[in-house]
Amino acid sequence: MNSDHAALCSSPEWARYIAEEVLPHALGHLSLGTEVLEIGPGYGASTAELVESVPSLTAVEVDARLAAELAAKFPAVSVVHGSGDRLPFAAESFSAVVCFTMLHHMQSVTAQEELFAEVRRVLRPGGVFAGADSVATPALVEFHGDDTYVPVDPDVLPERLTACGLTDVDVHIGPDGKRILFSARSAST
Ligand SMILES: C[S@@+](CC[C@H](N)C(=O)[O-])C[C@H]1O[C@@H](n2cnc3c(N)ncnc32)[C@H](O)[C@@H]1O
């Protein structure tokens, strides 16, 4: 993350936006079950909400410093330093996997698809994959400056999730017009 990003994502305003606008629309209609994995928690805006509402929360963060800070801040969360496209967990470990505003920070479309495949692998049958990412705008291109920015196209996201073996795919734009909200399931056996 560049410094503008770091300032935004660690701010109380961002935490409020995640808690009041993003999570209710992204997850409000879903049952996440008992073992939940969050990919790319950053400064923990969404982690702070999730840890209060799920019995067991694991978080995977690629930035070593952020992972260490999260582990100190959230002792109830199992924080792992790692990458969403190479998840260090056994198959069918989780009832749900979530990620917020992190897919566009991955290095490539291929890396995003490797993450989707890993999500499919670690989800139990019938498990939920859900989250949100930002609708691409010229302002966001500028905001990312020297940072990685691989925006997610909402029109092709359904077929990308389906191609990774996920089912019941729903992709739509949230009420503020700024968020792509998505959910899908690992097929029941
Ligand atoms: C813009 S921040 C969003 C953080 C948080 N989800 C939120 O909404 O406040 C994106 C986060 O994803 C992390 N990230 C990027 N690529 C990742 C990867 N391959 N695996 C895990 N985390 C990743 C970044 O280090 C950063 O902490």
| request: May I ask you to list pairs of residues, at least six apart or on different chains, whose Cβ atoms are under 6 Å apart, with the first in region 1-12 being of a type outside the set (A, V, I, L, M, F, W, C) and the second being modelled with pLDDT of 85 or more? | output: SER10/TYR43
| task | With the condition kept exactly as written, say whether any residue in region 168-175 is within 24 Å of PRO88 (Cβ to Cβ) and surrounded by 15 or more Cβ atoms within 10 Å (Cβ to Cβ). | result | no
| said: Considering only residues that are buried (at least 17 other Cβ atoms within 10 Å of the Cβ) and either within 26 Å of SER31 (Cβ to Cβ) or away from the ligand (no atom under 13 Å from the Cβ) (or both), which ones fall in region 61-78? | reply: GLU61, LEU70, PHE74, VAL77
| remark: Quick count over region 79-134, residues being under 23 Å from ASP155 (Cβ atoms), acidic (Asp, Glu) and either within 11 Å of the ligand (Cβ to nearest atom) or buried (at least 21 other Cβ atoms within 10 Å of the Cβ) (or both), is 3
| field | Identity of the residue in region 135-158, modelled with pLDDT of 95 or more and not in a loop (DSSP other than H, G, I, E, B), that ends up nearest to the ligand (Cβ to nearest atom) | value | LEU157
| query | Does GLU92 meet the test of being at pLDDT 95 or above and outside any strand (DSSP E or B)? | reply | yes
| query | In region 17-50, which residue that is surrounded by fewer than 19 Cβ atoms within 10 Å (Cβ to Cβ) and among the aliphatic types (A, V, I, L, M) is farthest from the ligand (Cβ to nearest atom)? | reply | LEU30
| request: Considering (1) out of contact with any strand residue (DSSP E or B) (no Cβ under 9 Å at 6 or more places or on another chain); (2) crowded, with 17+ Cβ neighbours inside 10 Å; (3) not hydroxyl-bearing (Ser, Thr, Tyr), say which one LEU157 fails and leave the rest. | output: (1)
| query | When you look at PHE116, is it at pLDDT 95 or above and among the hydrophobic types (A, V, I, L, M, F, W, C), yes or no? | reply | yes
| request: Would you be able to tell me the number of residues in region 159-188 that are farther than 25 Å from TYR17 by Cβ, over 17 Å from the mean Cα position of the chain (by Cα) and outside any strand (DSSP E or B)? | output: 6
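The values are calculated or read from the model by the stated rules, or taken from the named source; none is laboratory data. Predicted, not measured: the structure shown is a model, and the values here were computed from it. Cβ sites come from the backbone with ideal geometry, for glycine too, and all protein chains shown count toward neighbours.
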